[in-house]
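To start, the structure itself, in C-alpha cells.
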C-alpha cells in the first residue's frame, strides 16, 4: 500500500520572533550541537467564540549551517475555513543587519495537493530567501482567521533535533472567565500564567532550551520536547455544533456529520446480495465485501470546506468509484450495513511511528479514517484506502495505537491490533556454493510475516520491475553482487505473509589469501548497530518493534580445504532480547543458524551501558569469520 495519509485537515503551526538578531547574542550553550536557533516566537491564538479564532505568528530563526536551511523556509496553509493574511518576512546577516524583505509578489501560492488529490480548496503560501552565507536569521509574521474552531493549533516550540530555543511564548486569549479552555502539556512542569477577565489570557513560555541531541533508540519526539495542545469545549464548524469535553461528545459530533450519508444505489445493493447470498460465515462475508471495495474504488484526496471532516455520501463513492479515507471508510460501513453486518467509522492518527490519540484529552488531532467490524477477540479492522492490503491487517501505518470509534451514542476509545514477535517474522534459508576463487552463488528463500512483510508487499504492488531490481541490487550486505532472479508469493490474512525467492551471485565473497580462505558466513542479516558509550544517557531506551528473525545457512566450499579456525557459538539472553548463532562444519559443508528475538518495550536510561554491550556482542558475532586452509599435497 502506498502510505498516503488522507485528507483530514491537520496543520500544526509553529514559529518565533525577536528584535536584535546579532548571532553573538546567542548563548554558546544554545549553539553547541545545534543547526538552528529559534531566537523568538510568539504564537498567539485569540478565541472569539465557538465559531471563530484568530491565530497570529511572529518568529525568527537563526540558521547556523546548511543543515539548518530547512528552518528558513516559510510555508503556511489556508482554505475556505482558514484564511491567511498579512505575511511579512525579513532576512538578516550575522551582525543583525537587514539584507532583504519579502514582497507580496515573491510569495508562492499553490494548491496543497499531490498526485492522489482531486478536489481540494487547500492551498499553501511559500517563500525562501535562498541564502547560503552562514549564519543568517530569517523573521516571518502572518495571521490566520479560523472559520470554526473544531481544530486549534498546538505549541511545539522545538521543531526538530539539533534545534535550540532562545525564547518562545504561547499566548491564548479566551472571551471571558466563563470560557473553558482545555489544554494538555508535555514536558512542561509549570502551570500557565493566567491574567485578565475579558479576555482571559493564558501564557506558556520557555527560554534557553538546549538542542535535543539524537540518542539511539530514543522515545517518540513528542515525549521528549515541551508541547501544549489546546482544544475547545463547545465549538462550531460549518453549520454543525458540538462539544468535545469527552470522547463520547466528540463522537456524537462526528456521528452527526456522517448521519444519513450511507444510502447506497440499487445496483450496489444488488452486487452485495449476489456476492454474499448463501455465504453463512460472517468473516468470509466481510472479506468478500472488502475485496469488492478494493476492486471497485480507489483512493483520492478530497478536501472542501467541512469536507475536510465530513465524508462524501456513499452514493457519490458508488458513482465516481473513488473517495478519500473518510468517504471510503463510510462507504465500507454502508456496504456492510446493507449485508446485515454492524461496522463502525473510526478516526485515527496514521503513520509509521505515530502515537495514537491522547486518551485523557479529547481533541481533533486525527489525520485518517478506517473501518472496524466488532466481534470480540475476532474484531476485524479494514484499511479502506488500499487496493492490496489484507483484510484485518493494520501494520505499522495504523496498528498498535488508540483510536476513536464512532457509534450511535458517540465516540469510544479503542485499541487497534498490536503485533507481537510471532506475528513479525523473517525466516530465511540460504543454500550457497563458494568456488576456489571466492565467488559465491546462493539461493535465498525468505518468509516474511506481519510488519516485516510490508516492504516486500510494496515491492510487489507499488514498485516497477526496474525499481524492484534496483532495490534488490543495493539492499544486501554484500560488497559486490547481483540478484539475477527474483520471485514473490503473497498470502493474504490478518497476519499476511510474503515468500521471497532470490538467486544471488557475489564475486569475491570469500577472501582467498595464499592457501587460506576467509568466509563471513552470516550473509544477509548482519547487525549494523554499533553504539558508542555516552557520558550520560538522557532519554529512556525505546524499542518500537517486536520481531523474530531466524536465518539458516548452508554452504558448500571447494574440496581440499579443511577448517583452521571457527567462531565460537554465541548465546545471549537478557532484558533486551535473545540472540544465538551456532556453527556446524563437516568437511566441505558449513551450517550456520542465527536467531534473534526482540520485544517492543521501554527501558530506563540507566540500562544503556548494558545495551551497548549487548549490541556490541551481536555485531562481533555477526561479523565473525571462518578460516579454511588448503590441505597440502
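The values are calculated or read from the model by the stated rules, or taken from the named source; none is laboratory data. From a predicted model like this one, the values you see are computed outputs, not experimental measurements. Glycine gets a Cβ as well: all are built from the backbone with ideal geometry, and neighbour counts include every protein chain shown.
Below are the figures for this structure:
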{"item": "Index of the failed condition, residue 585 passing every other in (1) more than 17 Å from residue 529 (Cα to Cα); (2) at pLDDT 95 or above", "result": "(2)"}
{"item": "Among the residues listed as 42, 70, the single one being under 23 Å from residue 227 (Cβ atoms) and part of a helix (DSSP H, G or I)", "result": "70"}
{"item": "Residue list for region 375-395, restricted to those being modelled with pLDDT of 95 or more and closer than 21 Å to residue 247 by Cβ", "result": "381, 394"}
{"item": "Among (1) in contact with a strand residue (DSSP E or B) (Cβ under 8 Å, 6 or more places away or on another chain); (2) crowded, with 17+ Cβ neighbours inside 10 Å, the one test that residue 397 misses", "result": "(1)"}
{"item": "Test result for residue 254, crowded, with 16+ Cβ neighbours inside 10 Å and either touching a helix residue (DSSP H, G or I) at 6+ places or on another chain (Cβ under 7 Å) or not in a helix (DSSP H, G or I) (or both)", "result": "no"}
{"item": "Which numbered condition residue 487 misses (of (1) surrounded by 16 or more Cβ atoms within 10 Å (Cβ to Cβ); (2) farther than 30 Å from residue 560 by Cβ)", "result": "(1)"}
{"item": "Qualifying strands (runs of 3 or more DSSP E) (wholly inside region 117-193; at least 2 residues being in contact (Cβ under 8 Å) with a residue 60 or more places away in the chain)", "result": "117-120, 136-147, 163-174, 182-186"}
{"item": "Qualifying residues in region 559-590 (those that are at positive phi and over 47 Å from the mean Cα position of the chain (by Cα)) - the one surrounded by the fewest Cβ atoms within 10 Å (Cβ to Cβ)", "result": "587"}
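Each row is one residue, and each column tells you yes or no for (1) closer than 26 Å to residue 445 by Cα; (2) in contact (Cβ under 8 Å) with a residue 24 or more places away in the chain.
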{"residue": "551", "(1), (2)": "yes, yes"}
{"residue": "559", "(1), (2)": "yes, yes"}
{"residue": "562", "(1), (2)": "no, yes"}
{"residue": "576", "(1), (2)": "no, yes"}
{"residue": "582", "(1), (2)": "yes, no"}
{"residue": "586", "(1), (2)": "yes, no"}
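Rundown of residues vs (1) in a strand (DSSP E or B); (2) surrounded by 16 or more Cβ atoms within 10 Å (Cβ to Cβ), yes/no style:
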position	(1), (2)
414	yes, yes
419	no, yes
442	yes, yes
456	no, yes
470	no, no
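Residues are listed down the side, and each one gets a yes or a no for (1) within 30 Å of residue 608 (Cα to Cα); (2) assigned by TED's automatic domain parsing to the domain that holds residue 364:
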| residue | (1), (2) |
| --- | --- |
| 189 | yes, no |
| 199 | no, no |
| 207 | yes, no |
| 231 | no, no |
| 246 | no, yes |
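Conditions tested, residue by residue: (1) assigned by TED's automatic domain parsing to the domain that holds residue 431; (2) closer than 12 Å to residue 526 by Cα; (3) not in a strand (DSSP E or B).
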| residue | (1), (2), (3) |
| --- | --- |
| 590 | yes, no, no |
| 597 | yes, no, no |
| 602 | yes, no, no |
| 607 | yes, no, yes |
| 610 | yes, no, yes |
| 615 | yes, yes, yes |
| 619 | yes, yes, yes |
| 624 | yes, yes, yes |
